[in-house]
Amino acid sequence: MLKTLRKRFAAAAMAGVTLLLLVLLGGINAVNWWLDYMDTDMLLTVLSEGGYREERRFFRPPLDEDDVLSAVYFSLYLDAKGEVRSADVTHIGALDEAEAAAYAGALNGERTGSVDRFRYRVRQLRDGSVAVFLDVSQNRSSLLVVAALSLLAGAACWFAALLAVMLLSRRAVRPVAESLERQKRFITDAGHELKTPLAIIRANADALELHEGESRWSRNIRRQTERMDELTQRLLTLARLDEARGGGAAACEQDLSAAVEDAAAQYREPAQAAGLRLDLRLEPGLHIKAAPGEPEQLLDILLDNAVKYAEPGTRLGLSLGREGGRIQLSLRNRCAELPKEPERLFDRFYREDSARSRDTGGAGLGLAIARALAEDMDAELSASLPEEGVIEFTARWKPART
């Protein structure tokens with residue numbers, strides 16, 4: 001239990017750290033990119049309009065004459081038809097006039113844009129236009145360096161946080177683990193202690209019926225004793241599963257297909273008696289790893305739950321097959337009133353007042369035991385509402401063999 005809690009604590013803590021680092025480093029790089037974009041846009045505006053006026057910038061010194069003189073760029077002067085009249089390459093050494101003029105074909109009537117390592121801006125003139133191409137390769141390299149350094153720093157912080165979480169997790173979860181351990185011990189001890197008075201009450205009810213004959217009071221005593229005995233057994237089952245969670249030492253290969261077929265055969269008559277039709281769709285030869293009897297217990301709980309709460313006159317759809325490389329068991333049925341939060345049905349002692357009345361005799365533990373059984377078999381059990389008026393329980397296993 002302590003190991004499981006430590007893993008969950010570490011997973012939750014590292015999820016928070018990861019989200020924080022992603023937001024922080026992503027924000028830094030996004031702001032850095034935006035500032036560079038605004039600076040480049042401002043410099044292009046100054047270059048295309050001419051002059052060396054000072055421009056204010058965000059978080060940076062003003063754009064001045066030195067910035068303009070150090071810029072690497074070339075200009076193309078175009079006529080009204082977009083043909084190159086002349087090219088100014090005095091501020092760039094890597095291109096001649098012919099090579100610069102070839103970039104006119106990349107304009108495509110756009111006012112601003114990017115091509116190769118250049119960003120450009122076009123300004124309309126009286127008899128044509130001028131296009132300024134600014135070399136931004138150095139800016140891009142700087143952005144990539146900042147991104148790489150922030151990624152390395154983020155990775156270092158992430159691993160440092162992981163180490164700290166692993167060192168502190170034992171101390172952090174120990175109070176919770178001890179509380180859960182005391183709770184399990186109490187449930188186990190109380191369950192065993194309740195067996196004796198329940199047996200005495202049952203024996204006294206039998207003796208009363210022998211001497212006085214059966215009456216509605218004796219029947220009520222017997223019925224409530226049986227409910228109490230069932231509740232005690234389920235509490236003990238949950239305590240046992242909590243203690244064995246993840247242990248799986250007794251797990252062995254089980255024929256799940258055969259277990260589903262047997263369970264369906266056992267529940268056909270109860271389903272018919274409740275006005276239901278049980279339809280089975282089965283893929284044979286599917287095996288899982290589980291302790292003996294656990295698949296049967298899971299199926300018994302799910303089918304018993306469906307028979308109790310399904311809408312009369314409808315069908316129970318039970319299927320077993322392969323889905324996405326995993327073995328999938330699903331049971332769906334129509335229900336007159338569905339829970340608003342189907343996943344809460346797996347909470348211990350949880351009840352939907354309208355859909356899960358105490359008149360059915362349950363204690364709100366059956367589905368909690370079903371999920372505990374699924375977890376002990378390394379399976380995932382979930383509940384969903386696939387369509388209006390329908391609830392579906394789905395269990396997924398990794399196959400024991402292919």
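No lab work stands behind these numbers, since they all come straight from the coordinates. Bear in mind the structure is a predicted one, so any value in this text is a computation, not a measurement. Note that each Cβ is placed from the backbone with ideal geometry, even for glycine, and that neighbours are counted across all protein chains shown.
List of remarks:
- Residue among P197, L144, Q254 farthest towards the positive dipole end of the chain, charges placed on Cβ: P197
- In nm, spacing of pseudo-spin labels at V23 and A102 (7 Å Cα→C-beta vector): 4.9
- In terms of its C-alpha gyration tensor, region 252-397 has a prolate overall shape, because the principal axis ratio a/c (a ≥ b ≥ c, square roots of the eigenvalues) is not below 1.5 and a/b outweighs b/c.
- Full-stretch length increase - E311, K81 - with 0.36 nm per residue and alpha-carbon distance subtracted: 75.1 nm
- Reach of K398 by Cα under 17 Å, taken over aspartates and glutamates that are not fewer than 8 positions away in the same chain: E253, D255, E283, E294, E323, E375, D376, D378, E380
- Gained length - N220 relative to S141, 0.36 nm times residue gap less alpha-carbon distance: 20.1 nm
- Equivalent ellipsoid dimensions for region 112-194 as semi-axes, Å, which come from the Cα gyration tensor, largest first: 68, 18, 7
- Å³ per residue enclosed by the Cα convex hull of the chain: 267
- If R0 is taken as 51 Å, the Cβ-Cβ distance between E269 and L168 corresponds to a FRET efficiency of 0.35.
- The chain, relative contact order in percent, only Cα pairs under 8 angstrom and at least six apart counted: 12
- Relative pair counts by distance (%), Cα atoms of region 14-142, 10 Å bins: 11, 38, 28, 13, 6, 2, 0
- Rounded to the nearest 20 debye, the dipole magnitude of the chain is 1340 debye, with +1 charges on Lys and Arg beta carbons, -1 on Asp and Glu beta carbons, and the Cα centre as origin.
- Between the listed residues I391, A290, L320, the Cα displaced farthest toward the positive end of the dipole of region 252-397, a dipole computed from Cβ unit charges relative to the Cα centre, is found at I391.
- Fully extending the segment from D66 to M228, taken as 0.36 nm per residue of separation minus the present Cα-Cα distance, adds 49.5 nm.
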